[in-house]
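What follows is a set of notes on a single structure, which appears directly below.
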Amino acid sequence: MNMNQAPKKNTWKNVIPLICVAFPVFILDWGTKWLVQNHITQVTEVIPIIPGFFNLRHDRNTGAAFGVLAGHRFLLIIITIVALIFIFSYYLRFRESRWMQVSLGFLLGGAVGNFIDRIYLGEVVDFLQFGIASKGLFWPTFNVADISVCIGAGMLIVYLFQNRNQDQRI
């Protein structure tokens, strides 16, 4: 090896945190959706967990968050593919940052979880419902993948905000 040559970095070591977050998120998302589909068989069926505040409710969403773009499955699949490209390009750019590895792992696990639902079911299985039943106010149902995407996006925003002056190319 030439003495002036920098040693090669082990990029596989850097992908471990990404996979160690994304894979369990995907498995948890898939497993919980499987349980809902097999044990709460009627769509819109509700099982109160904390009466008046938290329910398990089997819902199907043909759109994105809050039902945006409902019925536009192909467009949502394309958007997810673009998001996956974004995740991998950001991983390549920021792979030395453990924070970004974890952030992108959350994004990847969640994106893949809902992507697979859209491909195979044509819609996303949602089941977590919070609200105030006495007032008839409920947040739209969501799932583990949605939580993961929100965590990853929040972490990404924090990282980019904290490092905004270090790299103006972001």
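Throughout, read-outs are computed from the coordinates displayed, never taken from laboratory work. This one's a predicted model, so the numbers in the text were calculated from it and none came from an experiment. Ideal geometry is used to build each Cβ from the backbone, glycine not excepted, and the neighbour counts take in all protein chains shown.
Quick look at the numbers
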item: Criterion (of a type outside the set (Val, Ile, Thr) and farther than 17 Å from Trp30 by Cα) met by exactly one of Arg164, Arg118, Arg57; result: Arg164
item: Selection status of Ile116, under 18 Å from Asp146 (Cα atoms), out of contact with any strand residue (DSSP E or B) (no Cβ under 9 Å at 6 or more places or on another chain), of a type outside the set (Gly, Ala, Ser) and surrounded by fewer than 15 Cβ atoms within 10 Å (Cβ to Cβ); result: no
item: Residue match in the stretch 151-164 (condition: closer than 30 Å to Pro51 by Cα, surrounded by fewer than 18 Cβ atoms within 10 Å (Cβ to Cβ) and not polar (S, T, N, Q)); result: yes
item: Those residues of the stretch 112-169 which are more than 11 Å from the chain's Cα centre (by Cα) and hydroxyl-bearing (Ser, Thr, Tyr), in sequence order; result: Tyr120, Ser134, Thr141, Tyr159
item: Residue match in the stretch 110-118 (condition: without any contact (Cβ under 8 Å) to a residue 12 or more places away in the chain and not in a strand (DSSP E or B)); result: no
item: Residue identified as more than 25 Å from Leu75 (Cβ to Cβ), among the aromatic types (Phe, Trp, Tyr) and not in a helix (DSSP H, G or I) among Phe130, Phe161; result: Phe130
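Yes or no, residue by residue, for (1) under 19 Å from Thr141 (Cβ atoms); (2) assigned to a helix (DSSP H, G or I); (3) within 16 Å of the chain's Cα centre (by Cα):
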| residue | (1), (2), (3) |
| --- | --- |
| Phe66 | yes, yes, yes |
| Gly71 | yes, no, no |
| Leu76 | yes, yes, yes |
| Ile79 | no, yes, yes |
| Leu84 | no, yes, yes |
| Phe88 | no, yes, yes |
| Glu96 | no, no, no |
| Met100 | no, yes, yes |
| Leu104 | no, yes, yes |
